[in-house]
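Scroll down for the structure; my scribbles are underneath it.
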Amino acid sequence: MKNPRTILLADMESFYASVEVAGNPSLQGKPVAVCGDPKRRHGIVLAATKEAKAFGIKTGMAAGECARLCPDLVFVRPHMQEYIKTSLALTEVFEKFSDRVAPYSIDEQFLDISGCEKLFGNAEQTALQIIEKIWETLQIRCRVGIGENPLQAKMACDCFAKKNERGIFRLSHKNYAEHTWPLPIRKLFGVGNRMERNFFNIGVRAIGDLALLSRESLKARWGINGEVLWLNAHGIDYSKINSLGPKDQRKGVGHSITLPRDYRHREEIDTVLLEITEEVCRRARALNKVGRVANVYCRGADFDLPTGFSRQKRLPEPTAMTMEMYPLVQKLFYEHWDLRPIRALGVSLTGLMDFRKLQLSLLEDKEKKIALSRTMDLIRDRFGIVSLFRLSSLTPGGLLFERAGKIGGHEA
């Protein structure tokens, strides 16, 4: 076997809460929960300090339930701009250790440190230096999973590094089965609630149970997803860590919204779908891109009976024009909506290509439409997103004005 790669996954402990405590030292040592508006649906916990977790506070809990569990709990409203700023600062720290850094989420980043041993020592020594540097720079505790590929690093971090005091754990092809096969099947990366139920139905309770099944039988039953999960159970992952390139390498743009209340009427849903589609197209135009595929995501309002869907369809021709994409978004939604109340909506545009490569139709004066859209973008960029808006945003279902000053659905 050729020399294996050395991949790290660095994950921040209670990221949002850690950023708030780092910015306000008076919160140090107190039970703190980052939470939206308790008076609305957004009043759920986004992150909690270890002191809060000691009382049973968990991400996703309602504010009222948290207050009952811990009367002294300190609620802090989220500040998304600070979290984004801190995430970028984390990338700067990681880039001191490797030129192959890839963010996985706002608080998780992969590093390929293969070949860096002479600079920073072995993987464990490098991980320790990273943890110390992040604490020194940002006062945030970091945990690091080490593996020979991204999957192993992710499993090492989530299942083991987060649970030990040192905050470091290493998996390899030699010890992967020993450590991961006894774990419940839900711990395997890629297994959600539905897949867990599917596995239970065929007697698979632990990761090792899945690993002992044949690759072909899983592929026959669940297609490529079944095969990928079999590979995950064996610690096999062929993906590589590549640093984020220029913005024109992005494969898609999207936007989603958690609704402030249950939406069940077509007029309200149409308004939000239009607002989201407009934002997605605006983001695509900012990248000088058009997209080939529209995707619509919906999540139902009932937590006890999860419903929803994610469906996509190819557009007649690549576009970044709201009113060219919106009819297909509507069609996709109403083809798959079960008529039950919904709590979240999302739209994305994928299959991006350079706008300059678009063959303009001779049957439509697209250049004028595109020029008009870009002029509107310029006005909104300069004077704010609500300086130009569609009248439908003034209807009861509209969310444009409520979200105008927010990032990621939360206060900036």
Of all helices (runs of 4 or more DSSP H) fully inside region 181-247, the set with 3 or more residues that are farther than 30 Å from residue 286 by Cα, under 23 Å from the mean Cα position of the chain (by Cα) and not hydrophobic (A, V, I, L, M, F, W, C) is 193-201, 215-233
Cβ pairs under 8 Å, 6+ apart or interchain, first in region 223-236 and in contact (Cβ under 8 Å) with a residue 12 or more places away in the chain, second hydroxyl-bearing (Ser, Thr, Tyr) and assigned to a helix (DSSP H, G or I), ordered by first then second residue, are 233/180; 234/176; 235/176; 235/180
All conditions in (1) outside any loop (DSSP other than H, G, I, E, B); (2) closer than 18 Å to residue 147 by Cα are true of residue 174 except (1)
For residue 126, the lone unmet condition from (1) crowded, with 20+ Cβ neighbours inside 10 Å; (2) modelled with pLDDT under 95 is (2)
Here the qualifying pairs (Cβ atoms under 6 Å; residues six or more apart or on different chains; first in region 344-356 and at pLDDT 85 or above; second of a type in the set (Phe, Trp, Tyr) and buried (at least 17 other Cβ atoms within 10 Å of the Cβ)) come out as 346/297
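The values are calculated or read from the model by the stated rules, or taken from the named source; none is laboratory data. Computed from a prediction, not measured in an experiment: that's the story for all the values here. Glycine gets a Cβ as well: all are built from the backbone with ideal geometry, and neighbour counts include every protein chain shown.
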